[in-house]
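S.K.: Got a structure for you, written out below as structure tokens; questions coming shortly.
The values are calculated or read from the model by the stated rules, or taken from the named source; none is laboratory data. As the structure is a computational prediction, the values presented were derived from the model and not from experiment. FYI the Cβ positions are ideal-geometry reconstructions off the backbone, even for glycines, and counts take in every protein chain you see. When the accessible area is computed, the model is the full protein with side chains, heavy atoms only, and any ligands, DNA or RNA have been set aside. Shrake-Rupley method; radii C 1.70, N 1.55, O 1.52, S 1.80 Å.
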Amino acid sequence: MAEEVVLPIPNLTLPQNLYVLSNPALKRLHENARSKLLEGIKADEMGPWYRSLTTAASSSSTSASASTSTSTSLSLPLDSKLLAELESANEQELKRLDERLADAEKTEGETEISDALKAKANYLTRIGDKDKALAAQKLALEKTPGLGSRIDIVLTIARIGFFFGDTNLVTEYMAKAEKLIDEGGDWDRRNRLKVYTALHLISTRQFKRAADLFLDALSTFTATEVISFTDFVAMAVISGALCLGRVELKKKVISSPEVNQVIPDLPLLGDLVKNLYECHYDKFFVALAELEQSVLVPSRVLGVHARYYVREMRILAYTQLLESYRSLTLDSLARAFGVSVEFIDRWVIFLLSLLNAIANPPTNSELSRFISTSRLHARIDRVNGIVETTRPSLKTMQYEVVVKQGDVLLNEVQRLSKVLY
């Protein structure tokens, strides 16, 4: 177990509220997000961060132009009285921490000095002063002897990266944490690092690797300083639904005790995976559309990947249905998904796109678009209203894999030869 209690600093729910408040399309959620954001700022005495937010908001409003592509609808006006109170509290606490550090340096040993440095670094992290917090945490890292405490500091710096959306900082310090843990970190810190890594991977659209780590850490989850257990399970279900086969989806998600413990609070995700597994595609499409609007788009982590995720899930559903048939009428396919035939294939473009008769075929037809980009192995007979599967042979698929991997290997060898010679 960890030697020390891991403090939930900085508060990572606040950037989520800020993301919602900064998105004009989420206006229905602004009031609640603004309230929670201000509550968190007051609770953690976040004077520096509050000043930076209100300064950015005022400068954005004064420099607003006709262009709306980069506009920010923050709606967080400066409360001068609140800012003065926060900065006064910050000044008093930092003075107390500096006095504690000075006393430790005069009369105490290394352990007490390390504790004083960490206390100051953690307070600066808590109030959202990025530059000073990073400098203080790095100083504490240099002066802290214990391996476990050093890992905790490195993970705290990674959380600062998560808080401010600094991907480079997150990547750098998670790599350092992994190296330190390999030197002798305990199981708790190792499992916490899995959660940090999974969260970083899903934020960079690496759903497969993220799903493996999320599901692996389900039964040992303790990283509440970076994400709540409910949100963690939601991430595991979302990534698992996209990347797991039906057998694994049943075993690792639908039948998981940890998932079933939380799924009553996440009924939409329960409907999504259940209907996908049981092949109720019309209900699956409804759940997917609701998931996009109520979970994916408002999420700071998943919002930028919402369209990609929905597209990939649709392809997964189409593929799962077509794998069971050699051919299928457009009418029955449309009924299965609860949509119109026009939605499935509005224009007959399959032949043209396959023969490259047009450079950019129209993409209004969902099924045709997926087929023409080789995401679905099928063809459409629009005259007879039939979709026929055209699965490549196993040997052909293996040959294509060998060719692709061989090309990659040759490129790497050529690159290496240039370096060596």
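S.K.: Going residue by residue through region 248-265, is there one that turns out to be under 26 Å from V339 (Cα atoms), basic (K, R) and in contact with a helix residue (DSSP H, G or I) (Cβ under 7 Å, 6 or more places away or on another chain)?
M.R.: Looking for residues that are under 26 Å from V339 (Cα atoms), basic (K, R) and in contact with a helix residue (DSSP H, G or I) (Cβ under 7 Å, 6 or more places away or on another chain), one finds none in region 248-265, hence no.
S.K.: Considering region 199-221 alone, what residues qualify as being closer than 19 Å to L12 by Cβ and in contact (Cβ under 8 Å) with a residue 40 or more places away in the chain?
M.R.: The answer is L199, I202, S203.
S.K.: Of the residues in region 282-325, how many are among the small types (G, A, S), within 24 Å of F162 (Cβ to Cβ) and free of Cβ contacts under 8 Å to residues at least 60 places away in the same chain?
M.R.: Total satisfying the criteria: 2.
S.K.: Do we have any residue at all in region 206-225 that's within 14 Å of the chain's Cα centre (by Cα), open to solvent by 10 Å² or more (accessible area, probe 1.4 Å) and of a type in the set (K, R)?
M.R.: Yes, because at least one residue in region 206-225 is within 14 Å of the chain's Cα centre (by Cα), open to solvent by 10 Å² or more (accessible area, probe 1.4 Å) and of a type in the set (K, R).
S.K.: Would you say T156 is β-branched (V, I, T) and modelled with pLDDT of 95 or more?
M.R.: yes
S.K.: Counting only residues that are open to solvent by less than 50 Å² (accessible area, probe 1.4 Å), more than 24 Å from the chain's Cα centre (by Cα) and closer than 18 Å to I227 by Cα, how many does region 3-56 have?
M.R.: Of the residues in region 3-56, 1 are open to solvent by less than 50 Å² (accessible area, probe 1.4 Å), more than 24 Å from the chain's Cα centre (by Cα) and closer than 18 Å to I227 by Cα.
S.K.: On to the next question. Cβ contacts < 6 Å: first residue within 17 Å of V226 (Cα to Cα), restricted to region 123-141; second residue in a loop (DSSP other than H, G, I, E, B) and open to solvent by 10 Å² or more (accessible area, probe 1.4 Å), any location; separation 6+ or different chain. Result?
M.R.: Once the first residue is within 17 Å of V226 (Cα to Cα) and sits in region 123-141, its partners that are in a loop (DSSP other than H, G, I, E, B) and open to solvent by 10 Å² or more (accessible area, probe 1.4 Å) give T125/I9; R126/I9; R126/D44; I127/E45.
S.K.: Further question on the same structure: Could you please let me know if A236 is within 20 Å of the chain's Cα centre (by Cα), at pLDDT below 95 and crowded, with 22+ Cβ neighbours inside 10 Å?
M.R.: It is false that A236 is within 20 Å of the chain's Cα centre (by Cα), at pLDDT below 95 and crowded, with 22+ Cβ neighbours inside 10 Å.
S.K.: Does P267 satisfy being open to solvent by 20 Å² or more (accessible area, probe 1.4 Å) and within 27 Å of A33 (Cα to Cα)?
M.R.: So P267 fits the description; yes.
S.K.: Let me ask you something else. Looking only at region 29-48, decide whether some residue is touching a residue at least 40 places away in the same chain (Cβ under 8 Å) and in contact with an Asp or Glu (Cβ under 7 Å, 6 or more places away or on another chain).
M.R.: Yes, region 29-48 has at least one match.
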